[in-house]
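Before any comments, here is the structure.
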Amino acid sequence: MKKTGAEEIRTVNKTLERRTFLKAVGSAAGAVTAGGLAGVLGARRAPAYAQARKLHILQFEDTVPEGDGELRRQVAEAGKALGAEITLETINANDLQPRITVAIESRSGPDIIHMLHNWSHLYQGGLTVVSDLAEWKAKDQGGFYDLFLASARVGGRWLSLPYGIVGFQIVYRKSWFDEIGATEFPKTWQEYREVGKKLKAIGRPLGQSLGHTWGDAPAFVYPYLWSWGGKEVEKNGKTVVINSKETIDSLKFMAGFWKDAHEVGGLAWDDSSNNRAFNSGQISATLNGASVYLSAKRNPDKIKDEKGQPLWRDILHAPLPAGPAGQFAYHTAFAHGIMKYSKEQKLAKEFLRWLHSKEQFVKWFEAEGAYSVGSTQFWETHPLWEKFDVSLRPYRTAARGARMFGYAGPPTARASEAYTKYIIVDMYAKAVQGMMPEDAAKWAEAELRKIYR
């Protein structure tokens, strides 16, 4: 029987330790004979610094084009500074995990790969320990947000170097909300549902993804679940408790909320679909990073409202509403992982130390325009925030207090596997498509038990 993607990941992690051991033994044995030979050939070989050094970096294609542009400029500059040929490859974030799995299985591919969410737990068998770099950065730029302590550190060791956090806020049309009497953004889900119902009645629905996509969908459903008091597992990280009264209540509300207020097409949206829908006037609000606002601000002649005015002037941001159990958030952590199979371990660390320095990061931070903020609180106080528009200020401290997948248990590889299989996203998608809430919760329980058994 063909293995699922999640099963392949588990198999890779189990076999990597043995492969690494065998490779280490082979390398040690080879060093004995190679050492003598190196002395004989040393005079004929070109100095080490004159030999070409190559580095391949794989990242997600940034939603903010200016961020990718600045990163490419920095990579070219780093190549000159480090005397190396450095290649930057960017792909859709939804395609990263298949590439990572193939690279680890084949023990070949990019030297450095973008790690999103808590993927460092999922791919820990294929990642190099970078605690030295993490300790340097924490000392240089202040301590990391708790989100990174949960996502990039595994068993007390840093397996990826925290880079930035994409914060999520609800992006909404201020004038449209004002027109129906919502002069302040709704504080609770019930208030939001009532506002959304009025907006949808006049052809201005809310827009939300419940599809298999890396950012918007999970960033919406996980905090929504928590706000009702629902959770995947208990603190022990073993006991599955998704099938609870709290979860079922959230599913019942979501089914009605979706019907009353949402654009039904959101079920199939990826992370760029809602951006396009918002900027074209199809929806009145959506959970997103700052990219919707930035694209409108940086293209005022192309992205306009129904009156022909620059759309960015009518955009505000607000956090997700509160539920019966409180108000919560999830933001995407981004880090750089050095692959164990890389033959350029030293160069990879040199490059990351260069790229993550204050001098380089600040230039990328400015290009990102608050879409991706720093990995430490040092960047909250940076003077650049005084240059960013007031509408973007909610992203400034968004990373504080964010929870990680797997709550109330630890952010283990199992929690990441549940995210990878979109179990929580699909649970809500099934409910809004007509499955009985009780049945949707039972389905999610069965799926989670396969992972946590």
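Across segment 103-125, the qualifying residues are those that are small (Gly, Ala, Ser) and open to solvent by less than 10 Å² (accessible area, probe 1.4 Å), and the one among them that is farthest from Glu89 (Cα to Cα) is Ser120. All conditions in (1) over 13 Å from Ser342 (Cα atoms); (2) free of Cβ contacts under 8 Å to residues at least 24 places away in the same chain; (3) hydroxyl-bearing (Ser, Thr, Tyr) hold for Thr101, with the sole exception of (2). For segment 407-415, the count of residues that are open to solvent by 40 Å² or more (accessible area, probe 1.4 Å), of a type outside the set (Val, Ile, Thr), in contact (Cβ under 8 Å) with a residue 24 or more places away in the chain and over 20 Å from Ser120 (Cβ atoms) is zero.
Being among the hydrophobic types (A, V, I, L, M, F, W, C) and farther than 21 Å from Phe334 by Cβ is the filter here; which residues of segment 370-398 pass it? Explain how you work it out, then say what you get.
Initially, segment 370-398 is screened for residues among the hydrophobic types (A, V, I, L, M, F, W, C), giving 370, 373, 378-379, 384-385, 388, 390, 392, 398.
Val390, the sole residue that qualifies.
Do any helices (runs of 4 or more DSSP H) lying entirely in segment 135-219 carry at least 1 residues that are modelled with pLDDT under 95 and either open to solvent by 10 Å² or more (accessible area, probe 1.4 Å) or touching a Phe, Trp or Tyr at 6+ places or on another chain (Cβ under 7 Å) (or both), and which ones are they? Explain how you work it out, then say what you get.
Values: elements: 146-151, 174-179, 189-201.
Of the helices (runs of 4 or more DSSP H) lying wholly inside segment 135-219, those with at least 1 residues that are modelled with pLDDT under 95 and either open to solvent by 10 Å² or more (accessible area, probe 1.4 Å) or touching a Phe, Trp or Tyr at 6+ places or on another chain (Cβ under 7 Å) (or both) span 146-151.
Within segment 220-232, if we keep just the residues that are hydrophobic (A, V, I, L, M, F, W, C) and within 15 Å of Phe257 (Cβ to Cβ), the residue that is surrounded by the most Cβ atoms within 10 Å (Cβ to Cβ) turns out to be Leu225. Among the conditions (1) touching a helix residue (DSSP H, G or I) at 6+ places or on another chain (Cβ under 7 Å); (2) of a type outside the set (Asp, Glu); (3) under 22 Å from Thr412 (Cβ atoms), Ser131 misses just one, which is (1). Among the residues of segment 238-297, just one is basic (Lys, Arg), touching a residue at least 12 places away in the same chain (Cβ under 8 Å) and farther than 26 Å from Asp439 by Cα, namely Lys297. Look at Lys235 and say whether it is within 26 Å of Arg313 (Cα to Cα), over 20 Å from the mean Cα position of the chain (by Cα), among the charged types (D, E, K, R) and open to solvent by 50 Å² or more (accessible area, probe 1.4 Å). Here the answer is no, as Lys235 does not meet what is asked.
Among the residues of segment 106-122, the ones that are under 24 Å from Trp354 (Cβ atoms) and not hydrophobic (A, V, I, L, M, F, W, C) come to 5 in all.
Okay, residues lined up against (1) in contact with a Ser or Thr (Cβ under 6 Å, 6 or more places away or on another chain); (2) farther than 26 Å from Val221 by Cα:
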| site | (1), (2) |
| --- | --- |
| Thr332 | no, no |
| Ala335 | yes, no |
| Leu347 | no, yes |
| Leu352 | no, yes |
| His356 | no, yes |
| Phe361 | no, yes |
| Gly374 | no, no |
| Arg396 | no, no |
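In segment 75-96, which residues are surrounded by 19 or more Cβ atoms within 10 Å (Cβ to Cβ) and either charged (D, E, K, R) or assigned to a helix (DSSP H, G or I) (or both)? Residues satisfying the conditions are Ala78, Ala93, Leu96. With respect to the conditions (1) within 30 Å of Glu77 (Cβ to Cβ); (2) of a type outside the set (Gly, Ala, Ser); (3) touching a Gly at 6+ places or on another chain (Cβ under 8 Å), Arg414 falls short on a single one, namely (1). When the residues of segment 311-344 are narrowed to those that are small (Gly, Ala, Ser) and surrounded by 19 or more Cβ atoms within 10 Å (Cβ to Cβ), which ends up farthest from Ser175 (Cα to Cα)? Per the stated criteria, the residue is Ser342. Taken over segment 348-387, the criterion of being aromatic (Phe, Trp, Tyr), under 23 Å from Phe168 (Cβ atoms) and open to solvent by 20 Å² or more (accessible area, probe 1.4 Å) is satisfied by Phe378 alone.
Assuming Gly308 fulfils every condition listed in (1) open to solvent by less than 40 Å² (accessible area, probe 1.4 Å); (2) assigned to a loop (DSSP other than H, G, I, E, B); (3) touching a residue at least 24 places away in the same chain (Cβ under 8 Å); (4) not basic (Lys, Arg) apart from one, which condition is it? The single condition Gly308 does not satisfy is (3).
The values are calculated or read from the model by the stated rules, or taken from the named source; none is laboratory data. Because the structure is a prediction, the values reported are computed rather than measured. When we count neighbours, we look across all protein chains shown, and the Cβ atoms used for this are built from the backbone with ideal geometry, even at glycine. When the accessible area is computed, the model is the full protein with side chains, heavy atoms only, and any ligands, DNA or RNA have been set aside. Shrake-Rupley method; radii C 1.70, N 1.55, O 1.52, S 1.80 Å.
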